[in-house]
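Scroll down for the structure; my scribbles are underneath it.
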Amino acid sequence: MEKNLQSNIWKYAILLIAHKRIFVAILGAYYLTIPDVTPKIIGIILLASSLSGFLLEIPSGYMSDKIGHKQALITSRVLMLLSTTFFLFAHNITFLMLGGIFLSAGAAFLSGTGSAFMHETLRGLKREQDYVSVMGKVSSIGFAVPIVFMVLVPFLVSVSYTTPFIMALVIDLIGLWAALSLTVPPVPQEHIEEIGATNFRQVMQEGYRLNYFSLALFSGIISGMLFGVGGFRAPYQTFLEIPVIWYGVFFGIGRALASLMLAYSGKIKKFFTFLSFYRFQLILYPLLIIILGTISTWWIAVFAFIVINAFQWGLSKIDGGYQMDIIRSSKFKATLLSTGSQIDQVVGAISSFGIGFAINRISYQYGFLSAGITLLVALLPLYLYIAHRYRAGVYKNTEVVN
């Protein structure tokens, strides 16, 4: 049993590899090859995608706690497979929207569920204290391997824009196999019974009791805004007349840096306190987006996107580790973690549409500048609230592993 449980770690790494959309570097440019697609339409496509994720995030996490984490991970892989298929055969805006909707649905069934499943796996292996370190290394692999494919994607585009999606379809099938072969961690019967007897409102009340939602809101706002900005990375690079062959290289550099940071998540976390970690994000991301909105030099824009990409994902497991520290006693980790992803989706929907509308009506710079200022205004009071609660001793559990 222990050997099978141990295999969950490398199988989860395969899931993360398959989860990465290798075509993401050229997706925005691919949108523009479809008839009638403009920056405003891209914003609407991203809006539809994010809204579907918003509607599914908490229900998917709740269903995961109900039906089992493995079944939810299998569902995620099936939805991702359908998403790739829609993109592959897209010839109009409707197919692009369906591809985005199924993509968000697949991500919804992984978010929270994957973390909870691996937390239970490590608990079964009596390695719960290694969560940040193990997840950091697994996530590092999940980022590093797809980089090779991402760098190749722009070259494949020279053959056909559909070639990267055919490759992604094969990878999705491998990911589905990995999900089907996972071993379910041993769970005491009372655990299952408690989930079955507890209603959704009680789960939310537990989140408030644990003071979890302020962190979920902070991280969700950042992720959502970065999703909105990232959706226009390829179109903006097209606007700056950067050859498409470089898109995968630039994107791959960001992911390579993220992979390196993820591999050392445990060590990087030691350089932060709980409060300084969130203060760092408060300064970094609005600054980089504002740079995109004020300087149109192509290499500065590329540098800003690379740094955003690197830190957004490179710090993700540290953020996840802090959140897991807070809800470690909860039996509804997937449900609670999904609330942060739901905030991510609604902010992503609003920001995507807003940025796309601003770009279409005025300029790319205006869209990015507005996004950066909005992010700063939204995060500052929230950070001050978190700092106040931290000094009051509310988040004391987060210092246990620091």
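The values are calculated or read from the model by the stated rules, or taken from the named source; none is laboratory data. Fair warning: this is a prediction, and the values are worked out from it, not measured in the lab. Cβ: placed from backbone, ideal geometry, glycine included. Neighbour counts: every protein chain shown. What goes into the accessible areas is simple: the full protein's heavy atoms, side chains included, and nothing from ligands, DNA or RNA. Shrake-Rupley method; radii C 1.70, N 1.55, O 1.52, S 1.80 Å.
Structure data summary
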{"read-out": "Any chance V203 is surrounded by 13 or more Cβ atoms within 10 Å (Cβ to Cβ), part of a helix (DSSP H, G or I) and either modelled with pLDDT under 80 or touching a Ser or Thr at 6+ places or on another chain (Cβ under 8 Å) (or both)", "value": "yes"}
{"read-out": "Any chance M80 is under 23 Å from V346 (Cβ atoms) and modelled with pLDDT of 90 or more", "value": "yes"}
{"read-out": "Criterion (at pLDDT below 80 and open to solvent by less than 20 Å² (accessible area, probe 1.4 Å)) met by exactly one of G124, G142, G106", "value": "G142"}
{"read-out": "R328 being within 22 Å of the chain's Cα centre (by Cα) and outside any helix (DSSP H, G or I)", "value": "yes"}
{"read-out": "Filter result (open to solvent by 50 Å² or more (accessible area, probe 1.4 Å), at pLDDT below 75 and under 22 Å from the mean Cα position of the chain (by Cα)) within the stretch 148-179", "value": "none"}
{"read-out": "Leading residue by the ranking (nearest to N211 (Cα to Cα)) among those in the stretch 308-325 that are of a type in the set (A, V, I, L, M, F, W, C) and in contact (Cβ under 8 Å) with a residue 60 or more places away in the chain", "value": "M324"}
{"read-out": "Of all residues making up the stretch 82-102, the number that are open to solvent by less than 40 Å² (accessible area, probe 1.4 Å) and part of a helix (DSSP H, G or I)", "value": "7"}
{"read-out": "Per-region count, the stretch 9-30, residues more than 16 Å from the chain's Cα centre (by Cα) and either at pLDDT 85 or above or not in a helix (DSSP H, G or I) (or both)", "value": "4"}
{"read-out": "Matching residues in the stretch 353-369 - criterion: being modelled with pLDDT of 90 or more and surrounded by fewer than 20 Cβ atoms within 10 Å (Cβ to Cβ)", "value": "L369"}
{"read-out": "Failed item in (1) open to solvent by less than 20 Å² (accessible area, probe 1.4 Å); (2) within 22 Å of G53 (Cα to Cα); (3) at pLDDT 85 or above, with L182 passing the rest", "value": "(2)"}
{"read-out": "First in the stretch 16-38 and closer than 19 Å to F305 by Cα, second anywhere and polar (S, T, N, Q) and surrounded by fewer than 23 Cβ atoms within 10 Å (Cβ to Cβ), Cβ under 7 Å, 6 or more apart", "value": "A29/T238"}
{"read-out": "Boolean, I359 is closer than 18 Å to R233 by Cα and part of a helix (DSSP H, G or I)", "value": "yes"}
{"read-out": "Within the stretch 1-42, considering residues that are among the small types (G, A, S) and farther than 30 Å from P186 by Cβ, the one surrounded by the fewest Cβ atoms within 10 Å (Cβ to Cβ)", "value": "A29"}
{"read-out": "One residue from I318, I300 being among the aliphatic types (A, V, I, L, M), within 30 Å of V249 (Cα to Cα) and open to solvent by less than 10 Å² (accessible area, probe 1.4 Å)", "value": "I318"}
